[in-house]
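> Got a structure here, written out as structure tokens. Questions coming.
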């Protein structure tokens, strides 16, 4: 094989955009091969823009996972998430619009418009095809969604089960420039362990208390120390009202204990280290509609 026949290595940035709860973070985790974005069945679980680094023999995709784009911007937190999502489409080589099979929402159209305005190739990913009962409805749905909209390619996938992702990777790598790897092969995200620890606690809050405490909680890591291979972590769960503390703590402290135990096990798996985790609950009235509080808690665009 001559030098001209040797496949070139490609690397670049890909924005992953869509309305809340269509499976963007699940897709990023599947491509990276590790859990770097938290997931739950609740919309707007992802609040930060973060990078997932997916390395393959042929190239590297730096995936920009984003909060879901949505029309409602009544609180400072909602405005932050929309700014973070829209900011992700700058300086990328391609974008992925993730939608849910069989459902096209006004917020999907809003996300598409944000990508169209960015003037980069847009790939359409129709996710959760495994949950679509009437598979015969797929072709009419694809025709409806793609009519008068420009997509470089269309991919039917189940991010949760890893189906269809290999073809998506091939299509994305073809759109990346020839380049050396942008990150080391063992790197999977740009976020620190401290940040990921806070997200894993928040994930448990969303999963266990999403109906009772949808968006009024955030997590601040006050302590993160490596004590001879044992990570000692102190996490503060910030709430907006005093009455919410009883919900998080639970009867006899059992709810907070369950949240902490599950979060600790997730940290040990992700960090490959034993973890000693302490958690506390504190209240700051109206923090999610306070720009200064958002900055303090790390919600930067």
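The values are calculated or read from the model by the stated rules, or taken from the named source; none is laboratory data. Keep in mind that what you see is a predicted model, and the values were worked out from it rather than measured. Here Cβ is always computed from backbone atoms with ideal geometry, including for glycine, and neighbour counts include all displayed protein chains.
> Checking the condition under 20 Å from residue 202 (Cβ atoms), outside any loop (DSSP other than H, G, I, E, B) and modelled with pLDDT under 60, which residue from 86, 42, 79 passes?
Going through 86, 42, 79 in turn, just one is under 20 Å from residue 202 (Cβ atoms), outside any loop (DSSP other than H, G, I, E, B) and modelled with pLDDT under 60: 79.
> Right, another one. Enumerate the pairs (first residue in segment 165-178 and at negative phi and in contact (Cβ under 8 Å) with a residue 40 or more places away in the chain; second residue anywhere and crowded, with 17+ Cβ neighbours inside 10 Å and part of a helix (DSSP H, G or I)) with beta-carbon separation below 8 Å, excluding pairs fewer than 6 apart on the same chain, so at least 6 apart or on different chains.
What qualifies is 165/27; 165/30; 165/31; 168/31; 169/31.
> Within segment 142-164, track down each residue that is assigned to a helix (DSSP H, G or I) and surrounded by fewer than 18 Cβ atoms within 10 Å (Cβ to Cβ).
Residues satisfying the conditions are 142, 143, 144, 146.
> Still on this structure, please answer the following. When you go through 203, 220 one by one, which is the residue that is in contact (Cβ under 8 Å) with a residue 40 or more places away in the chain, over 26 Å from residue 30 (Cα atoms) and surrounded by 14 or more Cβ atoms within 10 Å (Cβ to Cβ)? Spell out how you get there, then give the answer.
Numbers: 203 fails: over 26 Å from residue 30 (Cα atoms).
So the residue among 203, 220 that is in contact (Cβ under 8 Å) with a residue 40 or more places away in the chain, over 26 Å from residue 30 (Cα atoms) and surrounded by 14 or more Cβ atoms within 10 Å (Cβ to Cβ) is 220.
> Okay, next question. Please find, among 67, 20, the residue that is out of contact with any helix residue (DSSP H, G or I) (no Cβ under 7 Å at 6 or more places or on another chain), under 19 Å from residue 202 (Cα atoms), assigned to a loop (DSSP other than H, G, I, E, B) and at pLDDT below 85. Write out each step before concluding.
Details: 67 fails: out of contact with any helix residue (DSSP H, G or I) (no Cβ under 7 Å at 6 or more places or on another chain).
Residue meeting the stated conditions: 20.
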